[in-house]
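The values are calculated or read from the model by the stated rules, or taken from the named source; none is laboratory data. Model, not experiment: these values are computed from the prediction. Here the Cβ positions follow ideal geometry from the backbone for every residue, glycine too, while neighbour counts run over all protein chains shown. Surface accessibility is based on the protein's heavy atoms, side chains included, excluding ligands, DNA and RNA. Shrake-Rupley method; radii C 1.70, N 1.55, O 1.52, S 1.80 Å.
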Amino acid sequence: MDAGSAHKKTVCGGCGKLCRSGYDKRWRRARDLGCGDREVYLDFQMQRVSCKACGVKNEKLDFLSESPKYTLRFARQIGGLCRAMSITDVARRMHLDWRAVKELDKMYMREQLRVAGPPSPNVIGVDEVSIRKRHTYRIVVSDLEARRAIWFGGDGRSEKDMDGFYAFLGPETAKAIRLAVMDMWKPFRKSTHANAPQAAILFDKFHILRHLGDALDKIRKAEYARVTGDKRRFIKGQKYVLLSHRENLSPEGKKSLQLLLKANKRLHKAYLLREQFDQLWDYTSEAWARKFFDNWKAQLRWQRLGPYEKFAAMIERHWDSIAAYCKPENKVALGFVEGLNNKIRVIQRRAYGLRDEDYLRLKILTSGLPDL
């Protein structure tokens with residue numbers, strides 16, 4: 001080792017501190033951006049330093065990624081490709097092992113989160129996602145104004161798991177939350193009341209409409225069991241037709257729906273009530289919203305629609321957190337949470353390292369962030 005290298009200031013790759021004490025030098029090779037169909041590699045000398053805090057470590061070089069086998073710009077290229085392709089496809093295209101692609105993608109996503117900075121949400125959306133069979137859940141929290149997921153965690157969907165989000169956020173940041181959108185799961189609500197008592201609770205209309213759809217399907221099944229003979233053929237196999245909105249049906253589906261509603265008066269009434277209930281979200285006055293709901297509930301008398309009566313009782317119990325949507329400041333884009341759920345299902349179907357939960361977490365948290 002020459003005298004000049006001994007006095008050179010070098011940054012430790014472990015702690016990032018400047019070191020004057022060199023240890024040795026070695027020739028290394030790192031893969032760089034390709035040229036056409038040719039792979040390009042850089043040969044360079046990397047110095048190892050004797051750091052007081054870390055011991056013997058490689059020096060930090062700005063052009064290298066976290067893995068010294070790849071340059072930073074090559075790692076970012078791999079991460080960018082993984083936004084649109086599976087790791088298997090990227091590995092095949094770039095002639096890399098899929099494990100190396102996955103690690104480079106992790107580096108890319110961690111950098112995305114670093115650039116995005118710590119979250120400071122005012123309006124949050126809370127939901128759970130199933131990560132495997134047998135009711136294994138994780139909680140996903142989103143910033144609905146920034147339209148990005150900000151937390152993925154917990155060991156389930158209990159109050160203690162939800163408390164983990166507020167611990168991550170910190171008490172000062174939690175004080176800034178003015179609105180929390182969630183389903184009617186009690187542990188989420190209790191945790192929010194305890195950790196962000198100033199936040200208004202708003203129940204997600206998509207979860208509420210899902211409950212209404214389930215009630216309509218129960219009526220369909222009850223009608224199929226009640227009627228006999230030729231009338232059954234109008235009901236059998238028509239679940240999708242009945243639960244879909246008319247504008248989303250094909251011409252053939254609309255024809256099947258018309259025949260079904262004409263053949264069964266009770267299903268016809270239940271279908272019309274389901275369509276009417278959508279109007280609840282259009283009101284900007286809680287008094288008018290309440291009047292609409294009371295009129296809707298009054299139509300259930302003598303109709304023998306048991307599942308709808310149970311649904312109405314559920315709405316009655318949670319009315320305050322449903323009517324909160326009438327306030328102009330609470331008219332947030334609730335569709336983002338549902339869209340994020342669909343995106344997560346796509347990630348899971350494409351097998352983005354599902355067995356590696358940390359990889360799944362990074363995929364979810366960076367799904368709404370811009371490319372580097």
Note to self: Quick check of the Kirkwood formula: for the range 256-310, what is the inverse mean of 1/r over all pairs of different Cα atoms, in Å?
What the structure shows: 12.3 Å
Check: Which percent of the accessible heavy-atom area of the chain goes to carbon and sulfur, probe 1.4 angstrom?
Finding: 51 percent
Notebook entry, point to check: Give me the log10 of I(q) over I(0) for the range 69-178 at q = 0.17, 0.23 Å⁻¹, as the Debye formula computes it from C-alpha points; what are the numbers?
Noted result: -0.93, -1.13
Margin query: Contact order normalised by length for the chain, with contacts defined as Cα pairs under 8 Å and 6 or more residues apart; what percent is it?
Written below: 14 percent
Check: Residue-wise, which Karplus ³J(HN,Hα) couplings in Hz belong to the range 14-19, taking 6.51 cos²θ - 1.76 cosθ + 1.60, θ = phi - 60°, and x for glycine or proline?
Finding: x, 9, x, 8, 6, 10
Checklist line | Mean Cβ neighbour count within 10 Å, used as a protection proxy, ranking 260-269, 33-42, 227-236 highest first | finding: 260-269, 227-236, 33-42
Next item on the list: Using per-residue counts of other Cβ atoms within 10 Å, averaged over each peptide, order 280-286, 72-78 from highest down.
Entry: 72-78, 280-286
Note to self: Quick one: the Cα spread of the range 1-82 along its three principal axes, in angstroms, biggest first?
What the structure shows: 42, 24, 15
Next item on the list: Can you check what the Kirkwood hydrodynamic radius comes to for the range 210-268, Cα pairs only, in Å to one decimal?
Entry: 11.6 Å
Checklist line | Any cysteine of the chain lacking a neighbouring Cys Cβ under 4.7 Å - listed by number | finding: C15, C19, C35, C82, C326
Checklist line | Virtual spin-label span in nm between R132 and A116, 7 Å along Cα→Cβ | finding: 2.5 nm
Next item on the list: Could you state the orientation-averaged shadow area of the convex hull built on the Cα atoms of the range 181-245, in nm² to one decimal?
Entry: 5.6 nm²
Note to self: What is the sum of charges, Lys and Arg at +1 and Asp and Glu at -1, for the other residues whose Cβ falls under 13 Å from the Cβ of K239?
What the structure shows: +1
Checklist line | Cβ-defined net charge surrounding D161, 10 Å radius [Lys, Arg +1; Asp, Glu -1] | finding: -1
Notebook entry, point to check: Kirkwood-based Rg over Rh for the range 148-195 (C-alpha set), two decimals?
Noted result: 0.92
Check: Convex hull over the alpha-carbon atoms of the range 61-106: what's its volume per residue in Å³?
Finding: 61 Å³
Item checked: Theoretical FRET efficiency, 1/(1+(r/R0)^6), r = Cβ-Cβ of R266 and L372, R0 56 Å, to 0.05 -> 0.50
Check: Could you give the semi-axes, largest first, of the ellipsoid that matches the chain, computed as the square roots of 5 times the alpha carbon gyration tensor eigenvalues and rounded to whole Å?
Finding: 55, 26, 15
